[in-house]
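Every number in this text was worked out from the coordinates using simple rules, so none of it is lab data. Just so we're clear, the structure is a prediction, and the values are computed from it rather than from any experiment. Here the Cβ positions follow ideal geometry from the backbone for every residue, glycine too, while neighbour counts run over all protein chains shown.
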Amino acid sequence: MSPWTSAFLAVGLLLAAPAAVPAADSSTAARNNYMLRCMGCHLADGSGSAGRVPSVRDSLVPLASSAAGRRYLVQVPGAAQSPLSDLELAQVLSWMVRNLSRQAAPGGFVDFSAAEVASYRRTPLIEVQATRARLLPSAPLDRG
């Protein structure tokens, strides 16, 4: 085998080999998407801005624990209209429940799925505050 043939084979093997850089796991990707798409309004810790943007610190676990609450979390305009894919939005919502809530996610908490997000996000939520008040009757509008 000529030196040129060996060199071409070596280059071909290097190009065909998988990258040595590990892919980001879904938790890291979800955190990054939260930082890029949600943190501007909800802040780094999810506390929001009183009177403008609800805190999600106290509302995520109760909302994520019911079908109506999960639908609401997906249909909130900032989530439903985000440029994130259904899978990315599902990962962000699941990450938020696990990482921004004051209370731990219940043991039986089921992560959001891309199919669940897809089934909810295409239907606009018109009465955002009224729906939130119905689902979280004890929470003031500027907290969550």
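At-a-glance table
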| read-out | value |
| --- | --- |
| Within segment 111-138, considering residues that are part of a loop (DSSP other than H, G, I, E, B) and among the small types (G, A, S), the one surrounded by the fewest Cβ atoms within 10 Å (Cβ to Cβ) | S138 |
| Scope segment 69-105; condition β-branched (V, I, T), in a helix (DSSP H, G or I) and under 18 Å from R132 (Cα atoms); matching residues | V74, V97 |
| Failed item in (1) assigned to a loop (DSSP other than H, G, I, E, B); (2) buried (at least 20 other Cβ atoms within 10 Å of the Cβ); (3) not hydrophobic (A, V, I, L, M, F, W, C), with G108 passing the rest | (2) |
| Answer from S47, S55, S66 - the residue that is free of Cβ contacts under 8 Å to residues at least 24 places away in the same chain, of a type outside the set (A, V, I, L, M) and closer than 18 Å to L136 by Cα | S47 |
| Filter result (under 11 Å from the mean Cα position of the chain (by Cα) and without any contact (Cβ under 8 Å) to a residue 40 or more places away in the chain) within segment 90-112 | A90, L93, V97, R98, D111 |
| Residue tally, condition closer than 23 Å to A29 by Cβ and surrounded by 13 or more Cβ atoms within 10 Å (Cβ to Cβ), over segment 49-88 | 20 |
